[in-house]
Amino acid sequence: METKANYVAVGAFVLLCVIGLVVSILWLAGVQYSQEYAYYQTFFKGPVTGLGKGTVTRYNGIEVGRITDLAFDPNVPDRVIVTLQVQPGLNIREDSLASIESQGLTGGTYVEISGGSAKAPLLVAKPGQKYPVIATKQSTLQQLEQSAPELVSRLNVTASRANDVLNDTNRKAVAHILASLDETTATIARRSAEMDAIIRNANTATANMSEASKNLKPVLADADATMKKYGKLSDDADAFVNGDGLAQLSDLIGDLRRLVANLNKFSEELNRNPTTILFGDKRKGYDPNAK
């Protein structure tokens, strides 16, 4: 009995040790697992064709993780909740955006996260959120899909206008224009010698004009000197008018007027009695003392 009891005790001890070891390993693995990855969620509206568990997640074009889960949003039927498992320490910002991208037209689909701006705060989980939620944007392919109908409509309008331009009437007009151009080209070819002569004459005229301009330079220099002389004369006249010269000229004119008046008076006297002017007055006047 004692031997059996010892075996039971040893077995129980070994079992407890094994269980403790397993629990320790699981606990250490969970701590390490939680430290090796960070989790984020994003919401894509519409179909997410090509995405699945294990799909690559990239940050600024560099692979940083995988998709761990996809689920329908119970509150918004056309929205899909995507859970991302990425490397820790990426410093994803609040203005970072997630989009569904494709490696070329035939390549695989992946989730692309943009880096955001350095001034934006780090993205953290808000109240009621299990993980931080990254905002989304339309991918390039989705934008093309949305703009495709408008593009097709514009192409149809362009094709219709092209058909209008290329109708029978316009084609005849274009053919007539081409024929006229061909005739004009032929005429120019026939008159190429005359055109060469015209070009040579133009070159000669240009050379003559250049020579004339050289000859004109001395004339322009003389004209400039003449203008300088006129300018000096104008300055002298201005100084004469504004200075004492004008006053002296006025006095001279007054003296000339008085001289002319005296000359006129002398001429009159000479006409009336020239002998008196020349020999003096010899007539005796009345003398009251004479006897």
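The values are calculated or read from the model by the stated rules, or taken from the named source; none is laboratory data. Quick caveat, the model's predicted, so the values are computed rather than measured. Positions of Cβ are generated from backbone atoms using ideal geometry, with glycine treated the same way; all protein chains shown enter the neighbour counts.
Figures for the structure shown
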{"read-out": "Residue ID - modelled with the highest pLDDT, chosen from residues in segment 96-132 that are under 12 Å from Phe44 (Cβ atoms) and among the β-branched types (Val, Ile, Thr)", "value": "Val111"}
{"read-out": "Residue that is surrounded by the fewest Cβ atoms within 10 Å (Cβ to Cβ) [pool: residues in segment 55-82 that are among the β-branched types (Val, Ile, Thr) and within 16 Å of Ser96 (Cα to Cα)]", "value": "Ile62"}
{"read-out": "Test: Tyr110 is in contact (Cβ under 8 Å) with a residue 24 or more places away in the chain, of a type in the set (Ser, Thr, Tyr) and surrounded by 18 or more Cβ atoms within 10 Å (Cβ to Cβ)", "value": "yes"}
{"read-out": "Strands (runs of 3 or more DSSP E) completely within segment 44-101 that count 3 or more residues being touching a residue at least 24 places away in the same chain (Cβ under 8 Å), more than 30 Å from Ala118 (Cα to Cα) and among the aliphatic types (A, V, I, L, M)", "value": "none"}
